[in-house]
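The values are calculated or read from the model by the stated rules, or taken from the named source; none is laboratory data. Computed from a predicted model, the values in this text were never measured in an experiment. Here Cβ is always computed from backbone atoms with ideal geometry, including for glycine, and neighbour counts include all displayed protein chains.
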Amino acid sequence: QDSPVAYKRVMLKISGEALMGDQGYGLHPPTVQRIAREIKSVHDLGVEICMVIGGGNIFRGLSGSAQGMERTTADYMGMLATVMNALGMQAALEDLGVFTRVISAIPMDQVCEPYIRRRAVRHLEKGRVCIFAAGTGNPYFTTDTAATLRASEMACEAIFKGTKVDGVYDKDPVKHDDAVRYDKVTYDEVLAKHLNVMDASAIALARDNSLPIIVFSLDEPGGFRTILRGEGTSTRVGG
Ligand code: UDP
């Protein structure tokens, strides 16, 4: 029998790259469907779910500007990429019978809803998964900051950052056999040691709002549900 879930409302942050499978670019539908099933299994526990998906599988502002493109334009392209990912995830979730809303920081009424905080809260209360797209709507930010901002606005209890590895390590565990995983780490330690969790503005925003960040592996089958129930391995970033 399932143990009770400690969370009522959470934010799930995944990178755009999580959706591309082994393709190296874009969306890989079977991978999107697999992640959608992970989300449904948590939704089935009665947890209210917010979601932010990055855009790095399609376009990143920094890479565009490194190749000579004007930075703000490149960033807007990155934000638009996140809308495509959000729509892909919406389709996969709705295929499984999970009701969703894609809510964009940049209004595009024919495609999805504009961001209106109180309306988004109402969707969550009705059990709809809210996928927040177009980042914060501002260039020079990342979707990690968008996830932290929306999680704060929606009063989420924690941000769950799904990655390829099961937590935060002192060095890259893919490259170093002797990398050590932290069970818990403070925001300030993450910033001081430049640990690879989220970018510094996102960490600072989470710290200032006492929002814990739980880093876990999205590659582990059933991983999201396991972590939500307080089991499995992860790293908790908090005060
Ligand atoms: N972006 C932005 N403002 C935001 C969020 C995102 O300008 O508030 C742009 C930025 O260019 C970024 C791109 O969108 O590179 C994709 O987001 P991100 O790099 O965070 O995606 P991820 O690495 O999580 O896939």
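Going through 93, 87 one at a time, which residue ends up being touching a Cys at 6+ places or on another chain (Cβ under 9 Å), farther than 20 Å from residue 214 by Cβ and hydrophobic (A, V, I, L, M, F, W, C)?
Working: 93 fails: touching a Cys at 6+ places or on another chain (Cβ under 9 Å).
The unique qualifying residue is 87.
Looking at the stretch 73-94, I want the residues that are under 13 Å from residue 111 (Cα atoms) and have a partner that is modelled with pLDDT under 95 with Cβ atoms under 7 Å, at least 6 apart or on another chain. Which pairs are those?
Partner pairs satisfying both residue conditions: none exist.
Considering the stretch 81-100 alone, what residues qualify as being within 15 Å of the ligand (Cβ to nearest atom) and small (Gly, Ala, Ser)?
Within the stretch 81-100, 81, 86, 88 qualify.
If I ask for residues that are assigned to a helix (DSSP H, G or I) and within 22 Å of residue 32 (Cβ to Cβ), which ones from the stretch 125-150 would you list?
The initial filter retains those residues of the stretch 125-150 that are assigned to a helix (DSSP H, G or I), namely 125, 143-150.
Of everything in the stretch 125-150, those that are assigned to a helix (DSSP H, G or I) and within 22 Å of residue 32 (Cβ to Cβ) turn out to be 143, 144, 146, 147, 150.
Identify, from the list 103, 159, the residue that is within 16 Å of the ligand (Cβ to nearest atom), in contact with an Asp or Glu (Cβ under 6 Å, 6 or more places away or on another chain), in a strand (DSSP E or B) and among the hydrophobic types (A, V, I, L, M, F, W, C).
Values: 159 fails: in contact with an Asp or Glu (Cβ under 6 Å, 6 or more places away or on another chain).
From the options 103, 159, the qualifying one is 103.
Being in contact (Cβ under 8 Å) with a residue 24 or more places away in the chain, within 16 Å of the ligand (Cβ to nearest atom) and surrounded by 19 or more Cβ atoms within 10 Å (Cβ to Cβ) narrows it down to one of 26, 16, so name that one.
On the way: 26 fails: surrounded by 19 or more Cβ atoms within 10 Å (Cβ to Cβ).
Testing whether each residue is in contact (Cβ under 8 Å) with a residue 24 or more places away in the chain, within 16 Å of the ligand (Cβ to nearest atom) and surrounded by 19 or more Cβ atoms within 10 Å (Cβ to Cβ) leaves just 16.
Sort out which residues of the stretch 11-26 are aliphatic (A, V, I, L, M) and more than 11 Å from the chain's Cα centre (by Cα), and write them in order of number. Give the steps one after another, and end with the answer.
Here is the first cut: in the stretch 11-26, the ones aliphatic (A, V, I, L, M) are 11-12, 14, 18-20.
The answer is 19, 20.
For residue 138, all conditions in the list (1) away from the ligand (no atom under 15 Å from the Cβ); (2) closer than 18 Å to residue 198 by Cβ; (3) surrounded by fewer than 21 Cβ atoms within 10 Å (Cβ to Cβ) hold save one; what is the number of the exception?
Single failed check for residue 138: (1).
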